[in-house]
1. Restricting to the range A:141-172, what's the tally of residues that are out of contact with any strand residue (DSSP E or B) (no Cβ under 8 Å at 6 or more places or on another chain), within 14 Å of chain B (Cβ to nearest Cβ) and either surrounded by 12 or more Cβ atoms within 10 Å (Cβ to Cβ) or of a type in the set (D, E, K, R) (or both)?
2. Restrict the check to the range A:229-238 and report whether at least one residue is open to solvent by 10 Å² or more (accessible area, probe 1.4 Å), touching a helix residue (DSSP H, G or I) at 6+ places or on another chain (Cβ under 8 Å) and either within 21 Å of residue A:296 (Cβ to Cβ) or among the β-branched types (Val, Ile, Thr) (or both).
3. Residues to consider are A:173, A:90; find the one that is in contact (Cβ under 8 Å) with a residue 24 or more places away in the chain and over 29 Å from residue B:74 (Cα atoms).
4. Checking residue B:94 against (1) under 27 Å from residue B:136 (Cα atoms); (2) within 11 Å of chain A (Cβ to nearest Cβ), which single condition isn't satisfied?
5. Quick check on residue A:147: is it over 24 Å from residue B:69 (Cβ atoms) and not hydroxyl-bearing (Ser, Thr, Tyr)?
6. Restricting attention to the range B:49-65, and to residues there that are outside any loop (DSSP other than H, G, I, E, B) and out of contact with any Leu (no Cβ under 6 Å at 6 or more places or on another chain), which single residue is nearest to the other protein chains (Cβ to nearest Cβ)?
7. Take the residues in the range A:188-224 that are touching a His at 6+ places or on another chain (Cβ under 7 Å) and open to solvent by less than 20 Å² (accessible area, probe 1.4 Å); name whichever of them is farthest from residue A:258 (Cα to Cα).
8. Quick check: anything in the range B:10-29 out of contact with any strand residue (DSSP E or B) (no Cβ under 9 Å at 6 or more places or on another chain), assigned to a loop (DSSP other than H, G, I, E, B) and open to solvent by 20 Å² or more (accessible area, probe 1.4 Å)?
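The values are calculated or read from the model by the stated rules, or taken from the named source; none is laboratory data. As the structure is a prediction and not an experimental result, all values here were calculated from the model. Heads up, the Cβs are rebuilt from the backbone with ideal geometry, glycines too, and the neighbour counts pull from every protein chain shown. Please note that ligands, DNA and RNA were not included when accessible areas were found on the heavy atoms of the full protein model with its side chains. Shrake-Rupley method; radii C 1.70, N 1.55, O 1.52, S 1.80 Å.
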Amino acid sequence: MDQQKWCQFMEIAAEGRGLTQVARLLGEVSGLPAVVCDLTLRLLAFQLPAESNYNFGDYLPLDLPFQAERQGEFYLGELKEPAIPYFMVPIGREPRYGYLFLLEIGADWQVYQEPLRAAALAAMVEMSRSRMAQETERHYRNEFIQDILYNNLPNRDAVVNRGRLWGWDLTRPHLLVVMELDGRNNQGCRKTVWEQWHQLLRFHLGRQAPEAILADRSDQLIILIPLRLTETGINKSIIINLVKSLQKITTSHLAGTTFSAGVGRFYENVADLYRAYQEAKVALEVSRLLRRRAALTFFDELGVLRLIFNQGEQELEDYYEETLGPVVKYDTEHNTNLVETLAVFLFASGDHNRAAENMFIHVNTLRYRLKKIEEILSQDLRQLEVLVNLYTALQVKVMLGR
Amino acid sequence: MQLGFFLDLNRCTGCRACEAACRNWKGMGFSLRQVYPETGYYLSLACNHCENPECFRVCPERTYNKRRDGIILHNSGRCTGCNRCVRACPFAAPRYNPATGKVEKCDLCVERIDNGVVPACVEACPVKALQVLELDGKKDLGAKWVAGLANIHLTRPTIRFKPPAARERHLLL
């Protein structure tokens, strides 16, 4: 590629003419379809030949991480459907901004290294510029949201007035959801995944709930969703559907990554959102202690867990030993699985047939085991009080990581 | 940004100078910092300015707020002395003041911090076991839990510890 073309790419970047112009020039120089994507492979700009009939939708049909052949800084691979060979270079290294693709690549891929490199550099300038603007806005938005969530503003009027500057109607009641990625290992890899997840959710939330406010704090994402209070309270199904849809999108786009969410109670006054924030974090933390994944936990549905989560470890251990200790001891000594049977029975809401089905055993075997548990504990499993104690002890067992 | 205490358990001798400094600076009959003897070391504890403060959540009067630097402040003007925060805190940080009928809590000597001076307890520590540090979430600045501290899972306190090292025994013959 001659030096003049390099200059043209740099001119586009210097003048801030946008990613579309970068893709257009790359398409002209290479004579191949060119696509610019963000970290989640969402199409940001493309230059496709007039005669082509590609319809990729919002995302390039590819799985992350790339299953592609590496050629230095470049990658050679094939799209999923339709199976089009591509030549790709990541835009930026640390931080990474996105990916630049040339499609319908042939055996002469070496020829396109230079144009792709020049275009990636121009795209990096464009994307870093817009990232800087986004980061500044994100910083100030997060600070404002943090002030609301930490009760740093004097009253409701102050919250509402400052919200107006952002174009938000905070006179309406909002429900607060806190979300966090599951699994806490590998911080380096996690940071990239978190950034991808943030981009993904920002885009889809903007589509599904345009009035919702998205903020982030440490490794959590916070959504404020304006809701209308009905005669029967709030409609939780709106939140459930939204979070489930976001979970589905996250899993499909980020190679099986999941996240959990906690929801605080509903407060009509926006000045009480700080309370909802703490409650949502408690709900999320309790679901973490119960080792749940991809969970959506409402604070007002925690039930008895709300009473036990804050107890000291020693009290919980004592309670567990006193309630379930004899059964655990019997299991260890006789190599049986009575605790598991009890757990399945209780989580099947005391339905013998369903519990037996879940354990792949005959219902009479289940009845025999439950009878054995009754003998060991000298208690009647038909008594509600006994069932509640055992259920609580099983929850404590999970919390203690037994 | 989040400010928090750092306690070096190898250095703390349990002299209670931090307790006395807190009492003097705040001009109260009791200290907002307390030193608990544990097996082999001393735990000097005040408010841990938690990430998920329970005192903050349970207060019905909107008495608490958390500044951008992570310091949790208690607004005495709004406090009715209901003691819900006292019961909710697993570290017993908020304390009821019978003289005023309100709750008092360590505010990391915020007026000193704002003037670039360390809190009174930190300044008084003769062996520099107690310090204030800035947590940025990236660096591992010390242990989050040591024996003697209450359950940290829910509230996520910001205090960090240098755990006690195994000590060698020297016998004089």
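1. Counting residues in the range A:141-172 that are out of contact with any strand residue (DSSP E or B) (no Cβ under 8 Å at 6 or more places or on another chain), within 14 Å of chain B (Cβ to nearest Cβ) and either surrounded by 12 or more Cβ atoms within 10 Å (Cβ to Cβ) or of a type in the set (D, E, K, R) (or both) gives 8.
2. So far as the range A:229-238 goes, no, none of its residues is open to solvent by 10 Å² or more (accessible area, probe 1.4 Å), touching a helix residue (DSSP H, G or I) at 6+ places or on another chain (Cβ under 8 Å) and either within 21 Å of residue A:296 (Cβ to Cβ) or among the β-branched types (Val, Ile, Thr) (or both).
3. Answer to the check: A:90.
4. Exception for residue B:94: condition (2).
5. Here the answer is no, as residue A:147 does not meet what is asked.
6. Ranking the candidates gives B:57 first.
7. It comes out as A:224.
8. Yes: one or more hits.
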